[in-house]
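The values are calculated or read from the model by the stated rules, or taken from the named source; none is laboratory data. On a predicted model such as this, the values are computed, not experimentally measured, just so you know. We place every Cβ from the backbone using ideal geometry, glycine too, and count neighbours over all the protein chains shown.
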Amino acid sequence: MPSLKDLKNRIESVKSTRKITKAMQMVAAAKLRRAQESAEAARPYAERMEAVLGNLAAGAANSPSAPRLLKGSGSDETHLLIVATAERGLCGGFNASIAKLARTHAESLLAQGKTVKILTVGKKGREQLKRTLADHFVGHVDLSGAKRVEYAHAHDIAHTALNGFAKGEFDVVTIFFSRFHSVINQEPTALQLIPAVFDADADVGSATNYEYEPEEEAILADLLPRSVATQVFTALLENGASEQGARMSAMDNATRNAGEMIDKLTIEYNRSRQAAITSELIEIISGAEAL
Amino acid sequence: MADKMQFDLVSPERKLASLEADQVQLPGAEGDMTAMPNHAPFLTTLRPGLVRVVAGSEVTEYVITGGFAEISPEGATILAEEALPKAEATKEKLEAFLEKAKADLEQASDEAREAAALRVNDHHELFIRHAV
């Protein structure tokens, strides 16, 4: 049976934990709003880009001179997996679920006898994959210094992927990130960047006959690398929002649990205080009776 | 002519402008061009350069580092890689763009060399003519 003093100390310590988790929750809520705003701001560009490319790609897909980024390098032996996670923990299952999806994917590729290379973005994912897949790491992008995700980051990552693809270091590039649906719902997603995939129905709406300058294929060759960067950027932004959302709900849970624990400890504290008083009273009364 | 066109300028990070304009001058890949209302549907890549938007008596200018433009009879949309209002295009910023273009040229593969060299050229012109 812990003493009254012990109980009191424990209540105090749980209370300060609750303060911290509460504060983290509020910070995450504020950051989430900002992350959502930047995701919102990036949307028009990404949508326009996809619409135009969908249109172009539909026409060029069957032509023999289509850019390699569109039709692929003709093999699918070497896969590059870009695993985007957070720089920090304490956000529930966020990092773990992305890492798990990437690991499952990597393992199934390995089982098929393909070569797998992994580029990690964010150190949490790297730590989680290090145990089983460390041999496949080819690089790491550290975003811990950055206050927010900028297009330049995405551009650099895309650049690495495109260069490697051009040199034939890998044939297929897939990015893993978490798509943001709501504060309590984020979905780990795998998106293939190279060769580019377009929604079959994306080109239906905008079937205008454009004039092109330079010709269609030159434009396509110019736009595809940009579209890769845009997709990486969108993925990073979604990831940022998801991370804050996941952290917010994780911290909300923690705050609630701390509250419950405080209630329980307080009851225990009161009960033992009462027991102590009762036993003191009994001592006094039986002492008086003995006289 | 009373006709107006809808002009949008977006970069990956934000929407810079969205307004009704009379005409838009933009640095097309194969020469500067002006888009006016009821232009035929047109798609072009852009060089680094200056975009001039004329709306009534107001003229707004933006510096862009490349991208592409989609022009339709109803309006024009520029998807710029990076864009900033001309007033913010300081000497330092333009110089940074120029340096970056030069660095890209250093690393460019043989097939991309020509395009990268042209970009350096354009950035150089931008720097000399428009640095404030």
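Using the structure shown, decide if residue A:230 is modelled with pLDDT of 85 or more, in the same structural domain as residue A:57 (by TED's automatic domain parsing), of a type in the set (Val, Ile, Thr) and in a helix (DSSP H, G or I). Give the steps one after another, and end with the answer.
Values: modelled with pLDDT of 85 or more: yes; in the same structural domain as residue A:57 (by TED's automatic domain parsing): yes; of a type in the set (Val, Ile, Thr): yes; in a helix (DSSP H, G or I): yes.
Against the criterion (modelled with pLDDT of 85 or more, in the same structural domain as residue A:57 (by TED's automatic domain parsing), of a type in the set (Val, Ile, Thr) and in a helix (DSSP H, G or I)), residue A:230 qualifies.
Take residue A:106 and tell me if it is in contact with a strand residue (DSSP E or B) (Cβ under 7 Å, 6 or more places away or on another chain), small (Gly, Ala, Ser) and farther than 30 Å from residue A:252 by Cβ.
yes
Quick one: in the range B:78-132, which of the residues that are more than 21 Å from residue A:158 (Cα to Cα) and not in a helix (DSSP H, G or I) is nearest to the other protein chains (Cβ to nearest Cβ)?
Checking each candidate, the answer is B:78.
Considering only strands (runs of 3 or more DSSP E) fully contained in the range A:42-143, which possess at least 3 residues that are crowded, with 19+ Cβ neighbours inside 10 Å and in the same structural domain as residue A:172 (by TED's automatic domain parsing)?
Working: elements: A:78-84, A:115-121, A:137-141.
Once the strands (runs of 3 or more DSSP E) in the range A:42-143 are filtered for at least 3 residues that are crowded, with 19+ Cβ neighbours inside 10 Å and in the same structural domain as residue A:172 (by TED's automatic domain parsing), what remains is A:78-84, A:115-121.
Would you tally the residues in the range A:55-82 being modelled with pLDDT of 75 or more, farther than 10 Å from residue A:217 by Cα and not hydrophobic (A, V, I, L, M, F, W, C)?
11
What are the residues in the range B:55-79 that are crowded, with 19+ Cβ neighbours inside 10 Å and in contact (Cβ under 8 Å) with a residue 60 or more places away in the chain, if any?
B:63, B:75, B:76, B:77, B:78, B:79
All but one of (1) within 14 Å of chain B (Cβ to nearest Cβ); (2) at pLDDT below 80 hold for residue A:46; state the number of the condition that does not hold.
(2)
Applying the selection to the range A:209-227, what residues are assigned to a helix (DSSP H, G or I) and at the interface with chain B (Cβ under 9 Å from one of its Cβ atoms)?
Pass one, the range A:209-227, residues assigned to a helix (DSSP H, G or I): A:216-227.
A:216, A:218, A:219, A:222, A:223, A:226 - these are the residues of the range A:209-227 that are assigned to a helix (DSSP H, G or I) and at the interface with chain B (Cβ under 9 Å from one of its Cβ atoms).
Hey, any hits in the range B:60-73 for a residue that's β-branched (Val, Ile, Thr) and outside any strand (DSSP E or B)?
Just the residues of the range B:60-73 that are β-branched (Val, Ile, Thr), to begin with: B:60, B:63-65, B:71.
Next cut, outside any strand (DSSP E or B) only: B:65.
Within the range B:60-73, one or more residues are β-branched (Val, Ile, Thr) and outside any strand (DSSP E or B).
Consider the range A:206-222. How many of its residues are crowded, with 22+ Cβ neighbours inside 10 Å and in contact with a helix residue (DSSP H, G or I) (Cβ under 6 Å, 6 or more places away or on another chain)?
1
List every residue pair whose Cβ atoms sit under 8 Å apart, with the two residues 6 or more apart in sequence or on different chains, where the first one lies in the range B:42-54 and is closer than 16 Å to residue B:87 by Cα and away from chain A (no Cβ under 14 Å) and the second, anywhere, is at pLDDT below 90 and outside any strand (DSSP E or B).
B:49/B:122; B:49/B:125; B:49/B:126; B:50/B:86; B:50/B:126; B:50/B:130
Going residue by residue through the range A:10-26, is there one that turns out to be outside any helix (DSSP H, G or I) and of a type outside the set (Ser, Thr, Tyr)? Break it down into steps so the answer makes sense when it comes.
Here is the first cut: in the range A:10-26, the residues outside any helix (DSSP H, G or I) are none.
No, every residue in the range A:10-26 fails to be outside any helix (DSSP H, G or I) and of a type outside the set (Ser, Thr, Tyr).
Name the single residue that is surrounded by the most Cβ atoms within 10 Å (Cβ to Cβ) among those in the range B:1-17 being under 29 Å from residue B:120 (Cα atoms) and free of Cβ contacts under 8 Å to residues at least 60 places away in the same chain.
First pass over the range B:1-17, keeping only residues under 29 Å from residue B:120 (Cα atoms): B:7-17.
Still in the list and also free of Cβ contacts under 8 Å to residues at least 60 places away in the same chain: B:13-15, B:17.
Details: B:13: 20, B:14: 16, B:15: 15, B:17: 16.
Among residues in the range B:1-17 that are under 29 Å from residue B:120 (Cα atoms) and free of Cβ contacts under 8 Å to residues at least 60 places away in the same chain, the one surrounded by the most Cβ atoms within 10 Å (Cβ to Cβ) is B:13.
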